[in-house]
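Input: a single structure, listed below in structure tokens.
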Amino acid sequence: MLTHDDIWRGIDRLARHAQTSPSGLARRAGLDSTTFNPSKRVSADGKKPRWPSTESIAKALAAAHLDFDDFAGLISGKPAAGALPSRGLADGEAESPFDAAGLPAGPDWDAIPFPGLTPDEAFALTVEDDRMLPVYRRGDRLVISHNAPTRVGDRVVVQRRDGTRSAWTLSEKLVQSVRLTPLDPMAASITLPLSQIAWLSRIVWVSQ
């Protein structure tokens, strides 16, 4: 059974999937901009929960190009068929959002539709800052696959054991290290020992 909190959590995740705020999602759906605001989720006295209408949810899903199955996946945090786990490209978190195999883990993952790949093959990370300019900008979504072979010249995401992760160009593979070229052409390349790398995986698709 879905609770009041479940439905509103789904709305918030739907807005993040659409790369906007709840008010921005409402405007995109042709609704009043305050439709999904926190103030509309309880009565004026704060005692009675208020629910979004089925019509407003349907319009928001249409604006985000999703259906009710996708919405259920957003609520549960479990991607539907043809969808991938997705979250922001954050650094240095207290708890890693990945398991020991480098697969998405924990509650802070949303789901995005992506035909052709399954959650055990790939996941998506959204750029949230300017560290990867001029190639990737805020809001760009990178689809990363652990299964895709990595070759010299590929763009990859590297997760270090200290919790940092970023995108690079793989410029050389050595026996005990890799050489990585920054996306910023003015920055210097680095040689990173394999012992400092939790995982290194190829970027197979970018939404820009």
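Direction-averaged shadow area of the convex hull around the Cα atoms of the chain, nm²? Can you show the working numbers first?
Values: hull surface 52.9 nm².
Result: 13.2 nm².
Assuming a strict under-28 Å limit between Cα atoms, what lysine pair count do you get for the chain once near-sequence pairs (fewer than 8 apart, same chain) are dropped?
On the way: Lys40/Lys48; Lys40/Lys59; Lys40/Lys78; Lys47/Lys59; Lys48/Lys59; Lys59/Lys78.
Close lysine pairs found across the chain: 6.
Could I have the simple spin-label model distance between Ser53 and Asp32, label points 7 Å from Cα toward Cβ, reported in nm to one decimal?
With each label placed 7 Å out from Cα toward Cβ, I get 1.0 nm.
Expressed as a whole number of Å, what is the distance separating the alpha-carbon centroids of segment 87-148 and segment 8-60?
Here the two parts' Cα centres lie 25 Å apart.
Nearest 0.05, what FRET efficiency do Gln19 and Ala188 give at R0 = 45 Å with Cβ-Cβ as r? Walk me through the numbers on the way to the answer.
Numbers: r = 32 Å, r/R0 = 0.71.
Efficiency computed from Cβ-Cβ geometry: 0.90.
In terms of modelled amide H atoms, which long-range or inter-chain residues lie less than 5 Å from the amide H of Leu183?
Thr169
Hey, any idea what the orientation-averaged projected area of the convex hull of segment 127-208's Cα atoms comes to, in nm²?
Numbers: hull surface 20.9 nm².
Seen from a random direction, the Cα hull of segment 127-208 projects 5.2 nm² on average.
May I ask you to sort Leu25, Leu142 by Cβ crowding, counting other Cβ atoms within 10 Å and putting the fewest first? Walk me through the numbers before you get to the answer.
On the way: Leu25 26, Leu142 22.
Starting with the residue having the fewest Cβ neighbours, the order is Leu142, Leu25.
Ordered by residue, what ³J(HN,Hα) values in Hz, to whole numbers, does segment 121-129 give under the Karplus form 6.51 cos²θ - 1.76 cosθ + 1.60, where θ = phi - 60° and Gly and Pro are x?
Result, ordered by residue: 9, 7, 8, 10, 10, 9, 5, 10, 8 Hz.
What residues qualify as long-range amide H neighbours of Ser177, i.e. H under 5 Å apart, gap of 5 or more or another chain, H built at 1.01 Å from N?
Answer set, sorted by chain and number: Leu194.
Multiplying the sequence separation of Arg137 and Asp162 by 0.36 nm and subtracting their Cα-Cα distance, what value in nm do you get?
Taking Arg137 through Asp162 to full extension adds about 6.6 nm, to one decimal.
Which residues' amide hydrogens lie under 5 Å from the amide hydrogen of Ser86, considering only partners 5 or more residues apart or on another chain, with H built in the peptide plane?
Counting only residues 5 or more places away or on other chains, the set is Asp110, Ala111, Ile112, Ala124.
Using helices alone, I'd like the mean residue ellipticity at 222 nm for the chain: each DSSP H run of four-plus residues gives -39500 (n - 2.57), total over residue count, nearest 500. Walk me through the numbers before you get to the answer.
Numbers: 4 runs with 40 residues, N = 208.
It comes out at -5500 deg cm²/dmol, rounded to the nearest 500.
All of the numbers you see were taken from the coordinates with simple rules; none came from a lab. Since we're looking at a predicted model, the values are computed, not measured. Reconstructed Cβ throughout: ideal geometry from the backbone, glycine too, with neighbour counts over all protein chains shown.
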